[in-house]
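Heads up, the thing below is written out as structure tokens.
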There are 4 protein chains.
Amino acid sequence: MRFELHRDHPQPLYQQIAEWMRQQILSGTWPEHFKLQSEIDLAHELQVNRGTIRNAINALLEAGLLIRKHGKGTFVTGQVLEQPLASSLVTFLKG
Amino acid sequence: MRFELHRDHPQPLYQQIAEWMRQQILSGTWPEHFKLQSEIDLAHELQVNRGTIRNAINALLEAGLLIRKHGKGTFVTGQVLEQPLASSLVTFLKG
Amino acid sequence: MRFELHRDHPQPLYQQIAEWMRQQILSGTWPEHFKLQSEIDLAHELQVNRGTIRNAINALLEAGLLIRKHGKGTFVTGQVLEQPLASSLVTFLKG
Amino acid sequence: MRFELHRDHPQPLYQQIAEWMRQQILSGTWPEHFKLQSEIDLAHELQVNRGTIRNAINALLEAGLLIRKHGKGTFVTGQVLEQPLASSLVTFLKG
DNA sequence: GTGGTCTAGACCACC
DNA sequence: GTGGTCTAGACCACC
């Protein structure tokens, strides 16, 4: 996991983490149905609090890129590629 | 905390507070790794705005006497004794 | 603020709080543009942690009943009455 | 923590643990208001599942020897000495 | 003086 | 053994 947090940046840590996760997903490094490490493990690896990890994940939940399953884990959703399509469809209808 | 602010002085409040803090540190009253009260508590005790406390602390951060840790607190640094030398050096360079 | 939390209920505290807030709003007790107490004050009054208050408020943000303004406070939105209308409109279109 | 579990005994693990805890409390090794280790730490130390620890604790909650505080921990109650009386009463009533 | 973010650490609910 | 919720308490950014 070659990824560095910038604690002196104005951008919050959770946003930095969310951007990194988004790249992992959109680049295909984390493919559809990929299971993320547990929040506790991610917190240990990135040296942040679990709450900070949850904030990052929450951002991607709203974007529809991740899904949480209680007692099971957090997963990359199955419709990643459809997201941009849906957006352009809306744009098309509005245009 | 026997310390009085002079609100009618020309010297800004935050500088008065910063000087007082500097004395606490250099005199050893606040030893290395000492944890300051929270900004909000200091503001209440000294009857000033929280921003004033932050300005005072910022001055000592730049001087290297204090260090802030997000979510944890503000602490006296571990290299207090080296600071006076650095300060006099700056004075010398400026003089 | 005559409102009691049930700490032994299966329903989470933040949901109980969110329901109470929703009632305050929909009943008009908290009218449009009403400013809520600060998160810290609500936490003190309801004897819960500020994070629990934030979870409750978050639920009503998503429902569009509240809006947060950084540095200013949390307010009841101006389109409270339109919410049910919008819902019935959608129902109508689907029906 | 000199305490051994007998995994080949007919008595369930959680009961063995509950008995051990009861002894710790009644002997005063765990005095009033004593805070237990976290469930996860106890599970690691005793090499059992967290659910097993929770079952053991639940038994002592019902006996009034322990109390759980969400977000804070599990503690020995303050009325330990009154418990044995209550227990023998129940035994008597059942007998 | 408010909401925004972060730390540390615990029990809860579900698997 | 995961995510869900809760506690306590601090600095950050904006007002």
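Derivation of every value follows stated rules applied to the coordinates shown; laboratory data play no part. These numbers come from a predicted model, not from an experiment. All Cβ positions, even for glycine, are placed from backbone atoms using ideal geometry, and neighbour counts span all protein chains on display.
Here are some notes:
- Inter-copy separations for C:GLN23, label at 7 Å along Cα-Cβ, nm, ascending: 4.9, 5.1, 5.7
- Cleavage-rule hits (GluC sites (Glu not before Pro)) in the range C:1-33: DSSP loop, at most 14 neighbouring Cβ within 10 angstrom: C:GLU4, C:GLU32
- 3J(HN,Hα) along the range C:51-57: x, 5, 4, 5, 4, 5, 4 Hz, from the Karplus curve 6.51 cos²θ - 1.76 cosθ + 1.60 with θ = phi - 60°, whole Hz, x for Gly and Pro.
- Look at the dipole of the range B:9-85 built from charges on Cβ: of B:GLY71, B:GLN16, B:PRO31, the Cα furthest out on the positive end belongs to B:GLY71.
- Inter-site label distance for B:GLU62 and A:GLU4 at 7 Å from Cα along Cβ, in nm: 2.7 nm
- Potential lengthening of the chain between B:GLN11 and B:GLN23 amounts to 2.7 nm, from the contour at 0.36 nm per residue minus the alpha-carbon distance.
- Checking the cross-link pairs C:LYS69/D:LYS69; C:LYS35/D:LYS69; C:LYS72/D:LYS35; A:LYS69/B:LYS72; A:LYS72/D:LYS72 against a 30 Å limit on the alpha carbon distance flags C:LYS69/D:LYS69; C:LYS35/D:LYS69; C:LYS72/D:LYS35; A:LYS69/B:LYS72 as lying beyond it.
- Phi angles across the range A:15-30 convert, under the Karplus curve 6.51 cos²θ - 1.76 cosθ + 1.60 with θ = phi - 60°, into 3J(HN,Hα) values of 6, 4, 5, 4, 5, 4, 4, 4, 5, 4, 6, 5, 7, x, 4, 10 Hz, Gly and Pro given as x.
- Under 5 Å from the amide H of A:LEU66 lie the amide H atoms of A:LEU61, A:THR77, each residue being 5 or more positions distant or on a separate chain, with H modelled from the backbone and absent for Pro and chain starts.
- Take each residue of peptide C:5-18, count the partner chain Cβ atoms within 10 Å of its Cβ, and average: the result is 0.
- A point 7 Å from Cα along Cα→Cβ stands in for B:LYS72, and the other copies hold the same point at 2.6, 3.7, 3.8 nm, listed in rising order.
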